[in-house]
Amino acid sequence: MGRCRWLAVLVLLRLPLAGHAAGPQPGPGAPTDTAQVRQNFQTVQVLLMRNADSAAVLSRQLLRTSQKLRYPYGMAQSCLLLGTALRNQSEFDSSFYYGRRAQALFEAQHRPEGVAWVLNLNAQTYKRMSDAQGVELLTRKGLQQAQQALALARRGPYPAAMVSALITQGIIYRDLHRPDSARTCYQEAMRIEQKYRPVPSSLGVVCANYGQLLMDYDHDYPQAIGYFRRALGLHRAQHNRNGLEHAYRQLSWAYRRQGRLAQAVAAADTCLALGRAIGDPHRLSNSLEAACFAYRDAGRYREATDLMEERRQLDNQTNRLEKTQAVARIEAAYRLEKQQARIASLALANAHKKSLLVGLALGLTALAGLLVFGAWQYRAQRRANAQLRATNQTINENNARIQEQAARLTLLLRELHHRVKNNLAIVSSLLNLQSGSLADPVAARAVREGRQRVEAMGLIHQRLYQTDDVATVDIRPYLTTLVENLLAAYGFDEDRFDLVLELDLPVVDVDRAVPLGLILNELVTNALKHAYGKVARPLLRVYLGSPAGGLLLEVEDNGPGRPPGYDTGNSFGTQLIEALSQQIGGEMTMSNEPGACFRLWVPAAGVLVEK
């Protein structure tokens with residue numbers, strides 16, 4: 001398992017730069033001040049093989065710079081690189097978002113090669129989502145995207161894009177246990193490399209994949225070793241330490257299976273040295289595993305035991321990192337509590353200022369009456385006018401202070417929502433990591449569903465800090481984004497899915513928007529998981545309106561519906577929906593019409609918030 005996963009990572013990180021060598025070139029009319037942007041694209045390409053966080057930061061900077069320069073090619077390329085970095089960080093929804101932006105920009109510039117790279121990125125993202133969630137539908141969705149990328153790249157032809165699409169298809173076929181199809185892809189990729197010699201070359205990656213296929217399925221160890229050695233030479237020419245570590249590790253496995261234990265130990269030593277130099281704990285763990293088995297079979301049990309203990313300590317360090325992240329979450333919650341107390345204090349001071357303003361206004365009214373009553377006294381009138389000017393100045397100063405306090409309060413509220421969104425994103429990432437490490441599929445699925453609920457709440461706070469109104473939410477774009485994200489997460493194609501959204505509701509306050517989002521998240525997730533297994537054309541209808549001053553939510557699918565006598569009252573999702581419905585004072589019903597249909601009616605007054 002470890003060998004397959006690291007080989008997939010190596011291939012997925014070798015996304016050639018669309019616009020450099022193998023990619024679409026910037027037009028001759030590109031402004032001269034974009035030269036630095038194009039040069040920085042090479043830096044991002046290197047960072048993608050070393051540090052996804054740094055690659056994402058620099059890609060965002062290049063996107064902002066390209067937007068300021070009004071440089072369409074730079075914007076498209078930055079979106080493609082940013083989508084790749086986010087994919088490597090397992091932020092799949094964001095990766096798809098920037099991939100769609102890149103595809104639209106490439107299509108507007110008539111750059112089919114760039115579109116091919118975007119399709120290949122989508123294929124690799126679906127493959128990673130399938131690895132994380134164990135959903136074969138996502139794997140097949142990735143295969144479709146890779147096939148579309150290959151078809152578009154062949155029209156050019158664009159050799160580098162063709163090779164990358166073939167490698168991605170080969171890996172997916174291997175995951176689907178179709179070695180003959182994978183073999184065909186690898187062999188065609190090698191023919192294209194030999195014919196066109198694209199830059200950058202991916203021949204080393206092809207050889208390593210093909211050798212692994214020969215070793216695992218054909219048990220042809222001599223020929224597999226030949227391909228591993230060829231990959232070593234190509235990786236050395238490219239100074240690719242990740243590729244060298246992987247090739248030496250595969251070579252050690254092949255030697256060990258042949259019984260050539262001295263060569264297996266030597267290859268494992270080289271692999272382990274590279275693993276230590278790279279600084280990646282997961283890669284080092286795989287290197288320690290290969291070396292441990294090589295030493296054990298060679299009868300060097302003491303060294304094998306030491307390596308096993310080192311690997312155990314390395315895994316313990318990884319667990320300690322998770323504990324450190326848990327402490328960071330507690331500290332973040334403490335800072336959030338202090339921020340909320342500060343906001344409450346500012347609100348109290350603002351109310352005091354408002355009462356002072358009312359008192360000043362009443363004083364001004366009384367002064368005006370005295371001025372009218374004593375108009376015949378000239379000297380008294382002059383004194384009253386002077387006093388009025390002083391009062392006006394005080395009111396203006398107080399008004400300025402009140403406006404400053406109100407602006408500061410709004411800024412603090414937006415910062416609060418921003419931090420809450422970031423904290424929820426941290427929780428989502430930790431849940432994603434936890435689901436990947438769980439062996440029990442039921443527990444892993446429960447953790448993934450919990451992560452989706454956290455992301456549904458995070459969308460609310462993201463919209464709050466992006467708008468001036470920090471107390472209410474425009475429910476229509478929020479629910480639209482939520483449903484579309486769920487469709488993408490479960491691998492449904494928008495072109496083959498009938499989604500009907502009837503959202504006729506003004507803005508809603510945060511206390512009601514969050515329960516509504518969670519309820520819809522549970523209902524849509526349940527439909528996507530259970531309703532469309534035997535449906536040729538899936539249909540999902542979501543209605544949200546305010547008839548008779550109340551609130552009505554309907555979610556309906558065209559699946560087989562709930563079987564007779566089926567009771568979901570004991571499931572966590574149903575209990576959550578019932579609790580949230582009671583929280584906002586609503587009543588829920590479930591029926592078959594003929595698909596499953598859910599209705600939530602909230603008759604209470606004050607549900608809607610007028611703008």
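Details
- Any hit, the stretch 108-127, residues being in contact with a Leu (Cβ under 8 Å, 6 or more places away or on another chain), assigned by TED's automatic domain parsing to the domain that holds residue 94 and surrounded by fewer than 20 Cβ atoms within 10 Å (Cβ to Cβ): yes
- Residue list for the stretch 504-520, filter: within 24 Å of the chain's Cα centre (by Cα) and surrounded by 17 or more Cβ atoms within 10 Å (Cβ to Cβ): 513, 514, 515, 516, 517, 518, 519, 520
- For residue 289, the conditions (1) of a type in the set (Asp, Glu); (2) surrounded by fewer than 17 Cβ atoms within 10 Å (Cβ to Cβ); (3) modelled with pLDDT of 90 or more are fulfilled apart from (2).
- Residues being crowded, with 23+ Cβ neighbours inside 10 Å and among the acidic types (Asp, Glu) - total across the stretch 163-192: 0
- Put simply, of 90, 78, 94, 54 the only residue that is buried (at least 22 other Cβ atoms within 10 Å of the Cβ) and of a type in the set (S, T, N, Q) is 78.
- Qualifying positions in the stretch 42-62 - closer than 20 Å to residue 113 by Cβ, assigned to a helix (DSSP H, G or I) and within 22 Å of the chain's Cα centre (by Cα): 44, 45, 59, 62
- Residue 458 outside the structural domain of residue 524 (by TED's automatic domain parsing) and either surrounded by 12 or more Cβ atoms within 10 Å (Cβ to Cβ) or modelled with pLDDT of 75 or more (or both): yes
- Filter result (β-branched (Val, Ile, Thr) and surrounded by 23 or more Cβ atoms within 10 Å (Cβ to Cβ)) within the stretch 196-225: 205, 206
- The residues on offer are 521, 558, and the sole one that is polar (S, T, N, Q) and in contact with a helix residue (DSSP H, G or I) (Cβ under 6 Å, 6 or more places away or on another chain) is 521.
- Within the stretch 473-495, being within 18 Å of the chain's Cα centre (by Cα), closer than 22 Å to residue 534 by Cα and free of Cβ contacts under 8 Å to residues at least 60 places away in the same chain holds for 483, 484, 486, 487, 492.
Yes/no per residue for (1) in contact with a helix residue (DSSP H, G or I) (Cβ under 6 Å, 6 or more places away or on another chain); (2) modelled with pLDDT of 95 or more; (3) not in a loop (DSSP other than H, G, I, E, B):
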residue	(1), (2), (3)
87	yes, no, yes
93	yes, no, yes
131	no, no, yes
138	yes, no, yes
166	yes, yes, yes
185	yes, yes, yes
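- Test: residue in the stretch 496-503 that is under 18 Å from the mean Cα position of the chain (by Cα), modelled with pLDDT of 85 or more and under 24 Å from residue 578 (Cα atoms): no
- Any hit, the stretch 544-557, residues being surrounded by fewer than 16 Cβ atoms within 10 Å (Cβ to Cβ), at pLDDT 85 or above, in the same structural domain as residue 493 (by TED's automatic domain parsing) and farther than 16 Å from residue 577 by Cα: yes
- Every residue from the stretch 524-543 that is at pLDDT 90 or above and assigned to a loop (DSSP other than H, G, I, E, B): 537, 538
Residue-by-condition table, conditions (1) closer than 23 Å to residue 590 by Cα; (2) in contact with a Phe, Trp or Tyr (Cβ under 9 Å, 6 or more places away or on another chain):
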{"residue": "489", "(1), (2)": "no, yes"}
{"residue": "501", "(1), (2)": "yes, yes"}
{"residue": "515", "(1), (2)": "yes, no"}
{"residue": "519", "(1), (2)": "yes, yes"}
{"residue": "531", "(1), (2)": "yes, no"}
{"residue": "534", "(1), (2)": "yes, no"}
{"residue": "540", "(1), (2)": "yes, yes"}
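- Only a single item in (1) part of a helix (DSSP H, G or I); (2) over 17 Å from residue 79 (Cβ atoms) is not met by residue 157, and it is number (1).
The values are calculated or read from the model by the stated rules, or taken from the named source; none is laboratory data. All values derive from a computational prediction rather than experimental measurement. Methodologically, a virtual Cβ is constructed for each residue, glycine included, from the backbone with ideal geometry; neighbour enumeration extends over all protein chains shown.
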